[in-house]
1. Test of understanding: what is the full-extension gain from L255 to I211, defined as 0.36 nm times their sequence separation minus their Cα-Cα distance?
2. Helix by helix, which DSSP H runs in the chain go 18 Å or more along their axis at the Cα atoms and have an average Kyte-Doolittle hydropathy of 1.6 or more?
3. If the limit is 32 Å between Cα atoms, which of K49/K168; K6/K168; K49/K82 go over it?
4. What are the radius of gyration and Dmax of the range 1-91, computed over its Cα atoms and given in Å?
5. In Å, what Rg and Dmax follow from the Cα atoms of the chain?
6. Give me the distance between the Cα centres of the range 114-131 and the range 39-88, rounded to whole Å.
7. Longest span of the chain, sites excluded, free of trypsin sites (Lys or Arg not before Pro) in DSSP loop with at most 13 other C-beta atoms within 10 Å?
8. Can you give the extra length, in nm with one decimal, that the chain gains between F236 and F112 once fully stretched, where that is 0.36 nm per residue apart less the Cα-Cα distance?
Amino acid sequence: MELTEKRGLPGSVLKWIAIITMLIDHVCVVLVLGWAKYRHAWGPGIQSKEFYYFLRGIGRISFPIFCFLLVEGFFHTRSRWKYLLRLFVFALISEIPFDLAFQVDLSYWGPFFELKDQNVFFTLALGLLAVTLWDRLTEGNASDCPAWRGLAAIGCALILGAAAYYLKTDYGAMGVALILVLYLLRDRPWARDLLAGGVLAAMIPFGSHWIELFGTLAFPLFHLYNGQRGRQSKYFFYVFYPAHLLLLALLARLLFHA
């Protein structure tokens, strides 16, 4: 039984922060950037490039929080394999809405499916699989397991990171690396933050923008987490993710249809 009076932020509050900042980011990409592309120019105020980067900076907070909650869910879920299966199922469900929302040309419908980029559920699923295999191979204690088990765990992590990279999932191999860092250094919060910040910084040379560093603004929230799940719907985010992308895709086509 959870103690509701425990100080700090429950997982439900962190999840809402992640959802809201993610929504801000996606509205920015689909509508603000879409409008600039539609008019072939940036405008004043909310149509400016500065406003676009401001919103994208806010949006960078969401992914580290989702990764943090994924790791916490790994330790608290009743069935890790069902958790993993759920992520993969919704990754497949979300792919068409994702492709429609983030296509280069938002003025028409289609293609309904493309392999240019894959949605973040694939990254989360691959990261969870990496953590699950690492935990099983090392039996929860990487520093005191046989060397072959440790090497096998590292090998699995590298393979899954490579899979994220070649499948072009959102955040790619660095997303899987971030999840592993949050898992491995879960009990060493300051080392976790330092290395997680290094992972975000390492994204920049591989084509990401410097605004990825705004993801570090999520780290103080990790320290406020009180270990409680809080009141939340188990499937809300799973449904919200493809639903809001589909809605944004529809709205963009209504606004930008030539």
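Read-outs throughout are calculated quantities, based only on the coordinates presented, and are distinct from any laboratory measurement. The model shown is predicted, which means the values in this text are computed figures rather than measured ones. For neighbour counting, all protein chains shown are included, and Cβ atoms are generated from backbone atoms with ideal geometry for every residue, glycine included.
1. Working: separation 44, 0.36 × 44 = 15.84 nm, distance 2.74 nm.
Extra length available between L255 and I211 comes to 13.1 nm.
2. On the way: long enough: 11-27 (24 Å, 1.43); 62-76 (21 Å, 1.55); 80-101 (31 Å, 0.90); 120-138 (27 Å, 1.53); 147-167 (30 Å, 1.43); 172-184 (19 Å, 2.42); 189-202 (19 Å, 0.82); 236-256 (29 Å, 1.87).
Qualifying helices: 172-184, 236-256.
3. Details: K49/K168 26 Å; K6/K168 41 Å; K49/K82 42 Å.
Exceeds cut-off: K6/K168; K49/K82.
4. 17.8, 56
5. 18.9, 63
6. Answer, in whole Å: 13.
7. Details: sites that count: K6, R7, R78, K116, K168, R231, K234.
Excluding the exposed sites themselves, the longest stretch runs over 8-77.
8. Working: separation 124, 0.36 × 124 = 44.64 nm, distance 2.42 nm.
Value of the extension gain: 42.2 nm.
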